[in-house]
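J.: Sharing a structure below in structure tokens format, with a few things to ask.
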Amino acid sequence: DGLRMNVHVRICFINPISESVEVGFLSDNTAFQRHLQRLETGLDYIFKAVTLKNNEAIEKKLKESIEIAIDHFLEASKNHNRIPRTTAVFNTVMEAASDGAKQVFESSSGFAREESLYRPYFGLLLERVKEKVEANRDVNLQLVENVCHSTVQELVGNFRHNTGPSKMVLPLNNTELESRLNKEKAVAFKNYVEIQAMFSDTSAYSEMRDLLSKELDKICKDRENENYKAYMKEVDAPLKTSLKLINLSEDKYDTEYSLYEYMKEVCLLNLDEGKAKHWQRTLKLTIVEKFIQESSELQRLLATRRGLYSSIKGFFQWLLSFIS
């Protein structure tokens, strides 16, 4: 605004012998007023041009200061060894790097602190820093996930080995099998919690723990199937005999329910004549039910008894057996 001062002009013409001639007496002259207006217009133009260039220079410096500050942040927050940081360590490093970036910006562009452009560009710096913090958080979370996943793979391998044929000879009583599987699962979860405790407040920790649970459940299901197959191998002969006996007498049963009950009875009687004699009844019943379910021949016989009449009669047969 200093260039916009009200100018009281004493206009002089400079003669060849460097003597000035005052022309203030011309101030009421029309031509004088026209030239004075042109002078003021020229000064105003110069003022605006200089102001514009100055603002452009300030803006350029502020932009450069942001890039310098961001470079400082990236270097100060860089994870050189790619080892995941705990939440506390991560927050401490990010806070220190952010403060450093602000100091670098203020040191580089502090001369413009009173200018109108300063605060918008400082705000832009804060937004850029915030974006970089979140990007670093994502990278660190991925590192945490990688470490936790590696632990999960190791524990799953241990669980598979500890429940395999070299450690558990099948068949086992269902109760004993379940107990041993649960015991090994508890060991796996305990080891995971102890190894990765420092990351327990991260989403990756929880996700990988859920993955561990799913993988162990899959192996448990495999072990249950293997145990069933081992039992089936032990009772293969009596079940084959049962199948022959069922085929000989199946025409005596006209409903699905009565035939199914007859199948179970024959199979259980034959199991009691062999190695399975002293097995738990619930175990033998499970084996028999799976045998009937998986036998295409027995399923075909049951299918021939399905129908409205058979269903109604079978319901009353079930009801009577339940009452008795």
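The values are calculated or read from the model by the stated rules, or taken from the named source; none is laboratory data. Everything quoted here is computed from the prediction, not taken from an experiment. Positions of Cβ are backbone-derived with ideal geometry, glycine not excepted, and every protein chain shown enters the neighbour counts. To get the accessible areas, we keep the full protein, side chains included, count just its heavy atoms, and leave off ligands, DNA and RNA. Shrake-Rupley method; radii C 1.70, N 1.55, O 1.52, S 1.80 Å.
J.: Run the quick spin-label model on residue 99 and residue 173: label points 7 Å from Cα toward the beta carbon, then report their separation in nm to one decimal.
T.: Computed distance between label sites residue 99 and residue 173 equals 6.5 nm.
J.: Next question, about the same structure. Cβ under 15 Å from residue 117's Cβ, residue 117 left aside: what net charge do those residues give with Lys, Arg +1 and Asp, Glu -1?
T.: So the surrounding residues net to 0.
J.: For the stretch 219-263, what class follows from the C-alpha gyration tensor (a ≥ b ≥ c being the square roots of its eigenvalues): rounded when a/c is under 1.5, otherwise prolate if a/b is larger than b/c, else oblate?
T.: oblate
J.: Over the Cα atoms of the stretch 126-284, compute the convex hull volume and normalise it per residue, giving Å³.
T.: Measuring per residue, one finds 156 Å³ for the Cα hull of the stretch 126-284.
J.: At 1.4 Å probe size, with no ligands or nucleic acids counted, give the accessible surface of residue 195 in Å², nearest ten.
T.: Surface open to solvent at residue 195 totals about 80 Å².
J.: Calculated FRET efficiency, residue 293 and residue 195, Cβ-Cβ r, R0 56 Å, to nearest 0.05?
T.: Calculated value: 0.85.
J.: In the stretch 119-188, what trypsin sites (Lys or Arg not before Pro) fall in a loop by DSSP, with at most 16 other Cβ atoms inside 10 Å?
T.: Hits after loop and neighbour filter: 167.
J.: Could you tell me the calculated FRET efficiency between residue 222 and residue 304, based on Cβ-Cβ distance and R0 = 30 angstrom, to the nearest 0.05?
T.: So the FRET efficiency works out to roughly 0.30.
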